[in-house]
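Only the coordinates and a few stated rules stand behind these numbers; no lab work does. Quick caveat: nothing in here was measured; it's all calculated off a predicted structure. Neighbour counts are summed over all protein chains in view; Cβ atoms, including those assigned to glycine, are modelled from backbone coordinates with ideal geometry.
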Amino acid sequence: MTGINEDLIWKVRFFILQYFVSTTRPPEVEETAAHFQTSLKSAKTAYQELHRRDAIYLEAGTDTIRMAFPFSAVPTPHRVQAQGKSYWANCAWDALAIPAAMHCEADINTSCAENQKPIFLMVRDGRIVHQGECVHFLLPFQRWYNDLAYT
């Protein structure tokens, strides 16, 4: 795509993920612009392009990050304790992806989507400690992006 700085886009994505890891929240677009010493317009363009490519998910009509997979900026039923911090995951799959991406141990508190029964999982030495739980996806993958906030 003409006018898009590919290098900046992917550096911005990496920065967003690093920011989530260190602060448990996404950076504001102004913080991203300041970090890269670039214009607010360039940072907004990078956010919009990452959203268009399904690399992050923005709140509708804004430059506010709601999801930077596997992290969620809003509370969800999927809470991950890792490296002394607490993160929200977008779904059960992402709750497992957080310790995988961070290469760390984690405690995961979540619940069954069907009956809301609490579920506790641990990740130790790169393996899931569980009691036979399984992840069930209510929608097939090809429909996830139809309404990603719901999925």
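Segment residue 64..residue 115, full-extension length gain: 15.2 nm, with 0.36 nm per residue of separation and the alpha-carbon distance subtracted. Taking every C-alpha pair closer than 8 Å and separated by at least 6 residues, the mean separation divided by the residue count of the range 6-68 gives a relative contact order of 30 percent.
Report relative contact order for the chain in percent, whole number only (criteria: Cα-Cα under 8 Å, sequence separation at least 6). Walk me through the intermediate numbers first.
On the way: 212 pairs, mean separation 19.0, N = 151.
Relative contact order for the chain comes out at 13 percent.
Ignoring everything except DSSP H segments at least 4 long, calculate the 222 nm mean residue ellipticity for the chain; use -39,500 (n - 2.57) per segment, divide by total residues, nearest 500.
On the way: 4 runs with 50 residues, N = 151.
Value at 222 nm, helices only, nearest 500: -10500 deg cm²/dmol.
First check a/c for the range 72-146, with a ≥ b ≥ c the square roots of the eigenvalues of its C-alpha gyration tensor; if it is under 1.5, answer rounded, and if not, answer prolate when a/b is larger than b/c or oblate otherwise. It is prolate, given that a/c is not under 1.5 and a/b is the larger ratio.
Could you order peptides 100-107, 29-36 by the average number of other Cβ atoms within 10 Å of their residues, highest first? Don't skip to the end; give the middle numbers.
Details: 100-107: 15.5, 29-36: 17.1.
Top to bottom by mean Cβ count within 10 Å: 29-36, 100-107.
Rounded to whole numbers, the Karplus 3J(HN,Hα) couplings from phi for the range 24-36 are 6, 9, x, x, 6, 4, 5, 5, 5, 4, 5, 4, 8 Hz, using 6.51 cos²θ - 1.76 cosθ + 1.60 with θ = phi - 60°, and x at Gly and Pro. Rounded to the nearest 20 debye, the dipole size of the chain about its Cα centre is 60 debye, using +1 on the Cβ of Lys and Arg and -1 on the Cβ of Asp and Glu.
The P(r) of the range 6-68 has a tail past 19 Å containing 17 percent of all C-alpha pairs.
For the range 47-62, the Karplus equation 6.51 cos²θ - 1.76 cosθ + 1.60, evaluated at θ = phi - 60°, returns couplings of 4, 4, 5, 4, 5, 4, 8, 6, 8, 9, 10, 9, 4, 3, x, 10 Hz by residue, with Gly and Pro reported as x.
Per-residue packing, averaged as other Cβ atoms within 10 Å, sorts the ranges 90-96, 61-67 into the order 90-96, 61-67, beginning with the highest.
If Lys and Arg each add +1 and Asp and Glu each add -1, what is the summed charge of the other residues whose beta carbon sits under 11 Å from the beta carbon of residue 9? Walk me through the intermediate numbers first.
On the way: positive: 11, 13, 52, 53; negative: 6, 7, 49.
Overall, the nearby charge balance is +1.
Each listed q (0.20 Å⁻¹) maps to a log10 I(q)/I(0) for the chain, found by the Debye formula over equal Cα scatterers with no solvent: -1.23.
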